[in-house]
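Trainee: I have a structure here, written as structure tokens, and I will follow up with some questions on it.
The values are calculated or read from the model by the stated rules, or taken from the named source; none is laboratory data. These figures come from a predicted structure and were not determined experimentally. Cβ placement follows ideal geometry from the backbone for every residue including glycine, while neighbour counts extend to all protein chains displayed.
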């Protein structure tokens with residue numbers, strides 16, 4: 001277990017570096033996910049959040065997308081710490097891949113530290129870098145004096161972060177909402193925000209995802225009665241899938257299970273891990289004997305079972321996707337079962353979740369999801385009236401919308417203008433552009449080089465746009481492998497060439513087409529004069545001639561891979 005860290009409270013004076021601070025959005029520009037922001041003053045840099053994004057349908061074979069930290073590569077000695085606002089993957093999930101390059105302290109609240117620690121264990125990283133803070137603690141990191149305040153969100157221990165800098169006070173308010181009846185009792189500390197506003201706030205970076213939604217976000221407490229109503233109508237297993245870090249929603253599902261006498265099985269690594277961390281740290285009330293192993297499911301009558309399962313977004317290989325395809329070892333769907341999808345997908349996951357729901361529907365069981373039953377999911381993000389309240393309390397000179405797409409940024413800017421802000425007092429970015437901020441003005445600097453960094457299996461950054469293009473090409477047009485054995489000294493075949501097709505052609509005409517391709521390969525060698533052959537040249541010739549031939553015959557362009565080996 002990580003020990004609580006007691007920080008120092010002294011505030012260091014500025015160490016040079018001019019009279020402006022740089023804010024560098026290393027991730028999250030026009031993106032709901034992959035949040036990562038660097039604040040730089042002179043010789044000091046602090047980072048807030050370090051999140052992942054999830055691949056869209058065009059990123060074939062990619063597991064995760066993480067921020068590009070090239071900007072920090074020659075500034076590692078300046079980075080003082082990484083601060084994490086809350087325990088969602090799009091805010092801390094990239095730490096196992098990025099932290100080893102920076103090797104600096106990580107600070108956050110109790111539950112978030114527990115979740116980070118579990119990821120570090122999986123990646124065999126040293127947890128000594130993770131420091132647990134209380135909400136009242138203050139840190140001094142170079143010229144930055146850092147403090148925190150509590151906010152409501154869909155995971156406990158979510159925070160706003162306050163930076164006292166040489167140019168003024170900055171509030172970094174990531175994901176939040178104003179929920180006066182939160183399940184976990186953690187309300188947004190509007191009093192602290194008002195206090196900061198009375199003292200003067202230079203800039204507020206604030207979650208803008210709900211800026212295009214009128215009114216207020218519904219309380220999380222509204223979910224449990226809807227779960228209970230569906231449970232009463234369910235004759236078989238009740239299967240609930242949700243965002244696995246939504247601990248308060250897991251608690252509401254547990255409450256329903258207790259009242260109805262159902263046993264609860266946790267299915268999927270992420271929900272098992274998050275459940276265990278939250279239970280150990282006291283964030284879940286779990287009566288003894290209610291949780292069973294997934295291997296025990298068949299011992300109980302279906303009407304006595306609740307399954308909490310990961311994979312709400314239809315992620316390939318997730319527990320729920322395997323259930324939907326009928327391939328899960330312990331969980332099988334039947335007509336009397338009910339599935340609740342209690343999570344709205346992120347933009348990149350909308351299609352995958354739709355396919356998932358369609359696949360689940362094949363079994364004839366009842367499916368409830370938020371598009372058809374709005375009461376099964378409430379957002380963790382502030383709607384427009386909550387955003388207006390926070391802005392009016394903080395009264396910042398400048399505003400920086402974060403954590404939303406470009407449509408949310410534009411909606412936020414229009415909303416702020418309705419509050420009396422001028423258009424140029426809302427800083428809107430379209431690329432990874434540093435902001436240079438002083439007490440009385442700001443300047444948006446030229447974009448810095450940045451690209452998506454892909455995590456593919458155990459590799460980080462070794463998959464680029466060319467590899468993804470080839471994967472897309474293969475998925476659409478197929479692949480043809482040409483195997484050519486040659487005698488390099490004689491410049492002749494030492495056997496028959498072979499052509500193997502995968503996903504390109506099949507049926508009665510396939511053999512004739514591939515045989516014709518073999519003849520083309522042979523003709524290239526027949527035209528070659530005696531003597532040693534240039535292997536690179538012969539590969540190019542084979543691929544170019546076959547590409548033209550296959551396109552003329554099929555109007556398709558398979559990816560052609562040529563293997564020439566010397567015998």
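Trainee: Need the failing condition index for residue 515 against (1) within 49 Å of the chain's Cα centre (by Cα); (2) modelled with pLDDT of 65 or more; (3) surrounded by 14 or more Cβ atoms within 10 Å (Cβ to Cβ), just the number.
Mentor: Just one mismatch for residue 515, condition (3).
Trainee: So, one more: Run residue 384 past the list (1) within 22 Å of residue 407 (Cα to Cα); (2) at pLDDT below 95 and report the number of the one that doesn't hold.
Mentor: Single failed check for residue 384: (2).
Trainee: Here is a list: 399, 437. Which entry is in the same structural domain as residue 152 (by TED's automatic domain parsing) and touching a helix residue (DSSP H, G or I) at 6+ places or on another chain (Cβ under 7 Å)?
Mentor: Residue meeting the stated conditions: 399.
Trainee: Given the options 191, 160, name the one that is closer than 15 Å to residue 135 by Cβ, surrounded by 21 or more Cβ atoms within 10 Å (Cβ to Cβ) and modelled with pLDDT of 95 or more.
Mentor: Answer to the check: 160.
Trainee: Residues being surrounded by fewer than 18 Cβ atoms within 10 Å (Cβ to Cβ) and at pLDDT below 90: count how many of those fall in segment 348-369.
Mentor: 4
Trainee: From 162, 183, which residue is more than 19 Å from residue 92 (Cα to Cα) and assigned by TED's automatic domain parsing to the domain that holds residue 435?
Mentor: After ruling out the rest, the residue left standing is 183.
Trainee: Here are the criteria: (1) surrounded by fewer than 24 Cβ atoms within 10 Å (Cβ to Cβ); (2) at pLDDT 95 or above; (3) more than 17 Å from residue 382 (Cα to Cα). Tell me which single one residue 250 does not satisfy.
Mentor: (1)
Trainee: Next question, about the same structure. Look at segment 250-277 and say how many of its residues are under 25 Å from the mean Cα position of the chain (by Cα) and over 17 Å from residue 224 (Cα atoms).
Mentor: Going through segment 250-277 one residue at a time, the tally reaches 12.
Trainee: When you scan segment 283-292, do you find a residue that is crowded, with 23+ Cβ neighbours inside 10 Å and at pLDDT 95 or above, even just one?
Mentor: Within segment 283-292 (the criterion being crowded, with 23+ Cβ neighbours inside 10 Å and at pLDDT 95 or above), the answer is no, since none of the residues qualifies.
Trainee: To continue, here is another question. Is it the case that residue 176 is in contact with a strand residue (DSSP E or B) (Cβ under 6 Å, 6 or more places away or on another chain) and either surrounded by 23 or more Cβ atoms within 10 Å (Cβ to Cβ) or at pLDDT 95 or above (or both)?
Mentor: yes
Trainee: For residues that are in contact with a helix residue (DSSP H, G or I) (Cβ under 8 Å, 6 or more places away or on another chain) and loosely packed, with under 15 Cβ neighbours inside 10 Å, scanning just segment 409-434, find the one that is nearest to residue 387 (Cα to Cα).
Mentor: Within segment 409-434, the match that is nearest to residue 387 (Cα to Cα) is 419.
Trainee: How about segment 334-347: which of its residues are surrounded by fewer than 21 Cβ atoms within 10 Å (Cβ to Cβ) and at pLDDT 90 or above?
Mentor: Answer for segment 334-347, where residues must be surrounded by fewer than 21 Cβ atoms within 10 Å (Cβ to Cβ) and at pLDDT 90 or above: 334, 335, 336, 338.
Trainee: Exactly one condition in (1) in contact with a strand residue (DSSP E or B) (Cβ under 8 Å, 6 or more places away or on another chain); (2) assigned to a loop (DSSP other than H, G, I, E, B); (3) at pLDDT 70 or above is false for residue 533; which is it?
Mentor: (3)
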